[in-house]
Amino acid sequence: MILSLLRKLQTTSLTKSLSTSMMDSNILAGSQRLLSLARQLRLYKPPPSSFDDFEEQCIQETAGKVVSQVGFAESASSIAKDPQKFRPKRAAVLICLFEGDGGDLRVILTKRSSRLSTHSGEVSLPGGKAEEDDKDDGETATREAKEEIGLDPSLVNIVTVLEPFLSKHLLRVVPIVGILGDKEAFNPNPNPAEVETVFDAPLEMFIKDENRTVEEREWMGEKYLIHFFDYETEKEKYLIWGLTAGILIRAASVVYQRPPAFLEQNPKFKFPSVVDKDSVMR
């Protein structure tokens, strides 16, 4: 019986491995680099989280959207394992990578609509809060990307999940890394109610100490750094900062398998004894 179970597990694992390999090959057939990247990222294991056993409660943030503002990696926090004190609402963002014309890896970003009453004009990754019908974080991220910029989920090959981040309003944000194998098949169709512009930037810039400024802030006596990246296209200048920048720094570090060329300074954050919808980092 034990041998039968082992054979079944081995067969299931092999079938899953073959299925993943075939999916990678089908979606990323046009690029050996993207295929190799997909296989590399599938082996990535994010740091363990303190929140995995927590139930969630509703903490609102800007109509459920994940904006720049302040944010830091979850592993940089010291959260007491007390669900009565801290049960963040879950959200997910999509780090959609593709190969540029020059052979570099690029990430799809959005600029929020200037007509929005809050955080207008800020740069963010496609994403938002999870809905009850979402089966996982990957579905949350790709659903939101379709709603915001018209990106068909079938074009995106999800390859890994990064360490969760905490936003300024203490929203738990899970970065999902996906690869767009056929960039020509994606024709951006931004939702004008939410997104003004869809653009892309080189992923590697987020671990380089170029076009970057930094600002020191403090939270409950602990100092930390917020990073700002200037990026300019032929048509517009963009400022990528805060939570969005922090997530992309981590993503670039994982993809290129090297740390950033600058100090991140993510201290061990402490949290107030009671966290509610009005709690924010300053």
When every residue in the stretch 197-242 that is at positive phi and surrounded by 12 or more Cβ atoms within 10 Å (Cβ to Cβ) is compared, the one modelled with the highest pLDDT is 211
Given the conditions (1) crowded, with 20+ Cβ neighbours inside 10 Å; (2) modelled with pLDDT of 95 or more; (3) touching a Ser or Thr at 6+ places or on another chain (Cβ under 7 Å), every one holds for residue 173 apart from (2)
Scanning the stretch 180-214 for residues that are of a type in the set (Asp, Glu), farther than 18 Å from residue 242 by Cα and not in a loop (DSSP other than H, G, I, E, B) gives 184, 196
Restricting attention to the stretch 139-160, does a residue exist that is among the small types (Gly, Ala, Ser), farther than 22 Å from residue 41 by Cα and buried (at least 20 other Cβ atoms within 10 Å of the Cβ)? no
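The values are calculated or read from the model by the stated rules, or taken from the named source; none is laboratory data. None of the values given here were measured: they were computed from a predicted structure. No Cβ is skipped: glycine too gets one built from the backbone with ideal geometry, and neighbour counts run over all protein chains shown.
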